[in-house]
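Asks: This structure is in structure tokens; I'll ask about it shortly.
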Amino acid sequence: MYEQLIHDLMHGNIKALARCITLIENEAAVSEKLLQSIQINNQIPVIGITGPPGSGKSTLTDALIGEIIKEKKKVAVLCIDPSSPFHYGALLGDRIRMRDWYLHPNVYIRSLAARGALGGLHVQTIAITDILKAANFDLIIIETVGVGQNEIDIARLADITVVVLVPESGDDIQTMKNGLMEIANLFVMNKCDRPGAEKVIYFLQQNLHSVHKNIPVIKAIAIQKEGISEINENINSLLRSPSPSKQIDLLKEKAYQLLVAQKIRRIDKTRLSQELETALKQPGFNLYRFVKIFNKEK
Ligand SMILES: Nc1nc2c(ncn2[C@@H]2O[C@H](COP(=O)(O)OP(=O)(O)O)[C@@H](O)[C@H]2O)c(=O)[nH]1
Ligand SMILES: [Mg+2]
């Protein structure tokens, strides 16, 4: 039934691609079949761009797209930062440029805000990324706000994680409370037109040195497209030397997330409350023994 759709998707038809993504957002049963039927090219690299809200991730991505298409590559951008929707660029004066890319044949941009039918946002992102891989883009960029768990999630999904910082990120860097050290393959110090950048870079490099990490730190002024080609070159050079265990690690993480989501979906809450009601009538009810038995009976 979906043969034509899959065929069109794999031949780069943008309408088919949009339809597949919408299916994933809305219909769990259909999307599972779809995902099982497509051919996913796992060699297509995923670049995660993360960092605090307002650090310039979208501006940077916008500029980076310009570099990527110069290399005649096809690029897809998935924006899972609900606080900065690409789609409303036209309404937010300073993001007007992004609109140009919507019309470019080698660029596809999609925003994700809500959790979809497959469960959590992370599982949905995994699935949509794989749809993009099936559509044979040369490169996939995922922009996501780095707060709490999010940034860790992106590192589990992306071949390369770019962490965007700004001169105001000094406190974060000194304490490294965000776990950014662990996930970054590349740091971008954006907004270098503002004071304080050099000091923060110094702290960052000292921190990296103390944990024996050699991660490039690149200065950028995204609004002026400064430092963008250097970022692109660094990404390309990281892509040329992938770590041998990375692919299996990423697949393992994705499989784990999918398994967890599947298990959660299988828990029947109606049955759970019915059985709880019965169990409560028995003397000596214990929630933990109940859960153990419920889990076995499923
Ligand atoms: N001064 C300065 N502002 C920037 C720079 N890059 C982005 N901005 C501005 O910072 C704001 C947030 O940018 P945005 O890309 O939406 O950040 P995001 O939330 O991380 O995606 C916007 O007003 C941008 O114009 C920069 O290099 N210097
Ligand atoms: Mg943004």
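Asks: Shape of the range 156-228 from its Cα gyration tensor (a ≥ b ≥ c, root eigenvalues): rounded if a/c is under 1.5, otherwise prolate when a/b > b/c, or oblate? Mind showing how you got there, number by number?
Replies: Numbers: a/c = 1.81, a/b = 1.21, b/c = 1.50.
The shape class here is oblate.
Asks: Moving to a separate point now. Non-local amide H neighbours of V188 (under 5 Å, H modeled in plane, Pro and chain starts lacking H): which ones?
Replies: So V188 has HN proximity to V163, V164, L165, I218.
Asks: Sort the range 1-68 into rounded, prolate or oblate with this rule: let a ≥ b ≥ c be the square roots of the eigenvalues of the Cα gyration tensor; rounded if a/c is under 1.5, and if a/c is not under 1.5, prolate when a/b is larger than b/c, oblate otherwise.
Replies: On the way: a/c = 2.48, a/b = 1.95, b/c = 1.27.
Prolate shape, in that a/c is at least 1.5 and a/b is the bigger ratio.
Asks: Compute the Rg to Rh ratio over the range 192-258 from the alpha carbon atoms, using the Kirkwood formula for Rh, and round to two decimal places.
Replies: 1.10
Asks: Whenever you get a sec, line up R271, R240, R289 from highest to lowest accessible area (probe 1.4 Å, protein heavy atoms). Kindly include the intermediate steps, with their values, before the conclusion.
Replies: On the way: R271 60, R240 175, R289 135 Å².
Sorted descending by solvent-accessible area, the residues read R240, R289, R271.
Asks: How large is Rg over Rh for the range 215-298, taking Rg from the Cα atoms and Rh as the Kirkwood inverse mean of 1/r across Cα pairs?
Replies: With Rg and the Kirkwood Rh in hand, the quotient comes to 1.40.
Asks: Then there is this: Let me make sure I get this right: for the range 158-298, a, b and c are the square roots of the gyration tensor eigenvalues over alpha carbons, sorted descending. Under 1.5 in a/c it's rounded, otherwise prolate if a/b > b/c, else oblate. Which is it? Write down the numbers at each step before the final one.
Replies: On the way: a/c = 3.40, a/b = 2.50, b/c = 1.36.
It is prolate, given that a/c is not under 1.5 and a/b is the larger ratio.
Asks: Largest first, how would R110, R266 line up by accessible area (1.4 Å probe)? Display every interim value, and only then the final one.
Replies: Values: R110 30, R266 150 Å².
So the residues, ranked largest to smallest area, are R266, R110.
Asks: Considering amide H positions built from the backbone, and no H for Pro or chain starts, which residues 5 or more places from Y108, or on another chain, come under 5 Å of its amide H?
Replies: Amide H neighbours of Y108: V75, A76, V77.
The values are calculated or read from the model by the stated rules, or taken from the named source; none is laboratory data. Everything numeric here is computed off the predicted structure, so don't read it as measured data. All accessible areas refer to the heavy atoms of the entire protein, side chains included, with ligands and DNA or RNA removed. Shrake-Rupley method; radii C 1.70, N 1.55, O 1.52, S 1.80 Å.
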